[in-house]
Amino acid sequence: MTADITVAFPGSARVGEGPFWDDRSGLLHWVDILSGRIHTGDPQTGEQREPITLPTLVGAAVPKTSGGFVAATTKGFADVRADGTWTTRLAFLPAGQRMNDAKCDPSGRFWAGSNDMDFASGEGALHMLSADWSSEQVLDGLTLPNGLAWSPDERSFYLVDTIAGEVYAFDVVPGTSAPANRRLLARFPQETGMPDGMTIDAQGCLWIAMWAGDRLLRLSPEGRVLMEVEMPVHQPSSCAFGGPDLDVLYVTSARDGLDLGERDPAGSVFAVRGLGVRGLPAMRFGG
């Protein structure tokens with residue numbers, strides 16, 4: 001599909017990730033995992049604030065209802081205040097692991113994937129952080145958990161395992177925390193790119209950034225590819241709907257591992273318009 005793609009925020013992120021549209025402020029937040037930075041920008045003006053920099057890897061950061069952010073870090077979960085000061089609230093990951101992508105569910109709980117630094121098979125897991133800052137492991141046996149999404153009716157949960165090239169669907173069972181009835185929704189051969197960050201639109205279709213695949217995919221709830229959007233970068237990393245009408249798809253990207261000139265847009269955040277669909281409001285962390 002031909003879409004209107006522009007650079008929303010120029011940058012040189014090593015691994016840009018975790019875009020979050022804040023409908024209260026009209027601002028977009030995202031992270032650079034390897035630099036430990038939490039970025040904030042105003043799409044209306046193009047202005048970027050001074051990033052919050054943590055001395056740790058930051059897989060994702062989501063605004064809290066009380067202000068500031070909850071962050072998925074090398075050790076576990078951190079509480080980041082609006083002034084940039086921070087505290088590790090829960091440190092439970094062993095040496096050699098880190099947190100990766102994370103997102104809040106419709107109840108405001110923070111779900112984050114962990115993985116081995118060397119991406120050892122089966123060493124990844126999925127963790128859930130409740131508003132009282134207690135956490136539990138809800139899935140194991142993954143490799144690089146990524147791209148989380150919940151269906152509009154809140155009955156289904158979707159998860160990417162990037163290294164495996166797989167997208168899974170689960171049932172959401174009311175009153176429980178662990179997803180149920182895991183099933184394979186889609187599998188992609190590595191030579192076509194690997195599924196990375198993901199979001200969902202109001203029609204219940206998944207949008208997946210294909211790392212090393214130069215494109216975005218839209219999948220039906222049954223896993224059928226409905227649309228492809230070619231991107232001007234090799235490593236699109238994640239995506240989130242934003243804008244006043246939730247009809248702009250913001251896409252992060254990465255420069256890490258690529259031999260690029262300074263003018264190459266990799267590492268920037270892109271705005272994709274003209275898709276004909278809208279997203280769902282992003283949820284803040286309830287803590």
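The values are calculated or read from the model by the stated rules, or taken from the named source; none is laboratory data. For clarity, every value in this text was computed on a predicted model and none was experimentally measured. Here Cβ is always computed from backbone atoms with ideal geometry, including for glycine, and neighbour counts include all displayed protein chains.
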For region 54-106, list the strands (runs of 3 or more DSSP E) that sit wholly inside it and hold at least 2 residues that are within 15 Å of the chain's Cα centre (by Cα); which are they?
-> 58-63, 69-73, 97-104
Selection count where residues are crowded, with 19+ Cβ neighbours inside 10 Å and either among the aromatic types (Phe, Trp, Tyr) or not in a strand (DSSP E or B) (or both), scope region 112-124 = 1
Residues that are of a type in the set (Phe, Trp, Tyr): which strands (runs of 3 or more DSSP E) entirely in region 125-243 hold 2 or more of them?
-> 156-161, 166-171, 206-211
Can you pull out the residues in region 55-90 that are crowded, with 16+ Cβ neighbours inside 10 Å and over 19 Å from residue 135 (Cβ atoms)?
-> none
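Do we find that residue 13 is among the hydrophobic types (A, V, I, L, M, F, W, C), crowded, with 23+ Cβ neighbours inside 10 Å and either farther than 22 Å from residue 255 by Cα or in contact (Cβ under 8 Å) with a residue 40 or more places away in the chain (or both) in this structure?
Yes: the conditions hold for residue 13.
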Look through 171, 201, 196 and report the one residue that is farther than 19 Å from residue 20 by Cα and modelled with pLDDT of 95 or more.
-> 171
Across (1) more than 20 Å from residue 148 (Cβ to Cβ); (2) within 17 Å of the chain's Cα centre (by Cα), residue 229 clears everything bar (2)
Failed criterion for residue 72 (all others in (1) in contact with a Leu (Cβ under 8 Å, 6 or more places away or on another chain); (2) under 27 Å from residue 137 (Cβ atoms) hold) = (1)
Conditions: (1) modelled with pLDDT of 95 or more; (2) surrounded by fewer than 15 Cβ atoms within 10 Å (Cβ to Cβ). Residue 262 meets all but one. Number of the miss?
-> (1)
Report yes if residue 145 is in contact (Cβ under 8 Å) with a residue 40 or more places away in the chain, surrounded by 19 or more Cβ atoms within 10 Å (Cβ to Cβ), touching a strand residue (DSSP E or B) at 6+ places or on another chain (Cβ under 9 Å) and more than 27 Å from residue 5 (Cβ to Cβ), otherwise no.
-> yes
Of all residues in region 1-22, how many are over 25 Å from residue 219 (Cα atoms) and of a type in the set (D, E, K, R)?
-> 1
Residue list for region 101-133, filter: under 14 Å from residue 57 (Cα atoms) and without any contact (Cβ under 8 Å) to a residue 60 or more places away in the chain = 112, 113, 114, 115, 116, 117
